[in-house]
Amino acid sequence: MSAAAQRVVRKFWHVMGTNDFHAASLCLTEDFRLQWPQSGEMIEGRENFAALNTAYPAEGEWTFDLRRIVGEGDQIVTEVCVSDGTMRATALTFHTVRGDLIALQREFWPDPFEAPDWRARWVRRPED
């Protein structure tokens, strides 16, 4: 993975952690797009990104715990634990880096689910 592209994405998540989403939007290209395939939505542009994240309902300050970062060239994938102090979610984000900015993100928010009992004899459930 390109060290430069990885630095860009790490910086983005770091700035997101400040909860200054206008500052975080400066890590994005002016023609930035964020795709949310699960809901069929696309956010276009820095301003919309900052406004949506600023208005997003939250119980407290958002935290972004970068758990994993992998990639090749200008394509970087991150696994981030997101929390507002009450809720916790995982974001899997596919980033396309152009120069020293992020041009495209394709983001998935997988919901946890209860494992079916029929598999219990073949699997182990990790302790929390």
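The values are calculated or read from the model by the stated rules, or taken from the named source; none is laboratory data. It should be emphasised that the depicted structure is a prediction, and the values quoted were computed from it without experimental measurement. So basically every Cβ, Gly included, is an ideal-geometry build from the backbone, and we count neighbours across all protein chains shown. Note: areas computed on protein heavy atoms with side chains; ligands, DNA, RNA excluded. Shrake-Rupley method; radii C 1.70, N 1.55, O 1.52, S 1.80 Å.
Across the stretch 87-96, coupling constants 3J(HN,Hα) worked out from phi with the 6.51/-1.76/1.60 Karplus curve, θ = phi - 60°, read 9, 10, 8, 10, 10, 9, 10, 9, 9, 10 Hz, and Gly and Pro carry x. Specify the angular offset, from 0 to 90 degrees and rounded to the nearest 10, of the alpha carbon long axis of helix 3-16 from the longest principal axis of the alpha carbons in the chain. Helix 3-16 sits at roughly 80 degrees to that axis. For the stretch 68-128, the calculated P(r) over all alpha carbon pairs, in 5 Å bins from 0 to the bin holding the longest distance, is 4, 14, 17, 17, 15, 14, 10, 6, 3, 1 percent. Extension gain, ARG10 to ALA58, is 15.0 nm, computed as 0.36 nm per intervening residue step minus the present C-alpha separation. Label positions at THR86 and ASP111, each projected 7 Å from the Cα along the C-beta direction, are separated by 1.8 nm.
Here, the chain is characterised by an Rg to Rh ratio of 1.02, where Rg is the alpha-carbon radius of gyration and Rh the Kirkwood radius. A 1.4 Å probe run over the chain, with the rest of the protein chains in place, finds 66 Å² accessible per residue. With all protein chains in place and ligands, DNA and RNA left out, the 1.4 Å accessible area ranks PHE94, PHE12, PHE64 as PHE94, PHE64, PHE12, largest first.
The string of couplings for the stretch 101-108 from the Karplus curve (6.51, -1.76, 1.60, θ = phi - 60°) is 9, 8, 9, 8, 10, 10, 10, 10 Hz, one whole number per residue in order, with x for Gly and Pro. When both the stretch 76-103 and the stretch 44-59 are represented by their alpha-carbon centers, they are found 14 Å apart. Each of TRP122 and THR18 was given a label point 7 Å from its Cα along the Cα-to-Cβ line. The distance between the two points is 4.9 nm. Relative contact order, whole percent, for the stretch 1-110 stands at 29, derived from Cα pairs under 8 Å and 6 or more residues apart.
Phi angles of the stretch 54-66 translate, via the Karplus equation with coefficients 6.51, -1.76, 1.60 and θ = phi - 60°, into HN-Hα couplings of 5, 7, 4, x, 8, 7, x, 5, 7, 10, 10, 9, 6 Hz per residue; Gly and Pro are given as x.
Between LEU26 and GLU79, the modelled labels are 3.2 nm apart [label points 7 Å from Cα along Cα→Cβ]. In this structure, the amide hydrogen of PHE32, modeled 1.01 Å from its nitrogen in the peptide plane, lies closer than 5 angstrom to those of GLY45, ARG46, counting only residues at least 5 positions away or on a different chain.
Expressed as a whole percent, the accessible area of the stretch 18-122 that falls on carbon and sulfur atoms is 52 (1.4 Å probe).
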